[in-house]
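Notes for the one structure printed next.
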Amino acid sequence: MEISYEILKQGTQVGLLNVVGRLDGSNHTQLVEKARELLDSGSARIILDLSECTYLSSAGLFALHNIALMAHNIDPLDQEDGWGALRNMANDKRNLKDRFKIVNVPERIMHSLEISGLSPLYDTYPDMQGALAAFSLSQ
């Protein structure tokens, strides 16, 4: 997996993360750490572009959820908790849409979000403009 990022300005600083390749157990912590760096550097919001993500495992779902939590100033789940963390993630009912958006989600990745039950927790957009406009409306 390759991760690229940039900082966008739109009133409030927005961090954009791009994932290229497979997001799985071998690399999901890298994505979470990059998101943490963006948030620590002043990004108040995160957009995750999955247009070039070819695979999303349960560890990848875990990474997305932890990024959403961190963007909302909520402590991330502990991956060492294993199934307990996954259970907490699946039972989460919080609104994690205000500061975290996912764009350009391939159909196979969207299917993973849907069957995991996580899709209602996040806002997804077909393009960057939609996500940025949603952030503008929520300011």
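The values are calculated or read from the model by the stated rules, or taken from the named source; none is laboratory data. None of these values were measured; they are calculated from a predicted model. Note that we place each Cβ from the backbone using ideal geometry, even for glycine, and neighbour counts take in every protein chain shown.
Of note:
- Of residues in the stretch 110-139 being out of contact with any Phe, Trp or Tyr (no Cβ under 8 Å at 6 or more places or on another chain) and of a type in the set (A, V, I, L, M), the one modelled with the lowest pLDDT: 137
- Inter-residue pairs, beta-carbon under 6 Å, first without any contact (Cβ under 8 Å) to a residue 12 or more places away in the chain and in the stretch 113-128, second hydrophobic (A, V, I, L, M, F, W, C), 6+ apart: 119/113
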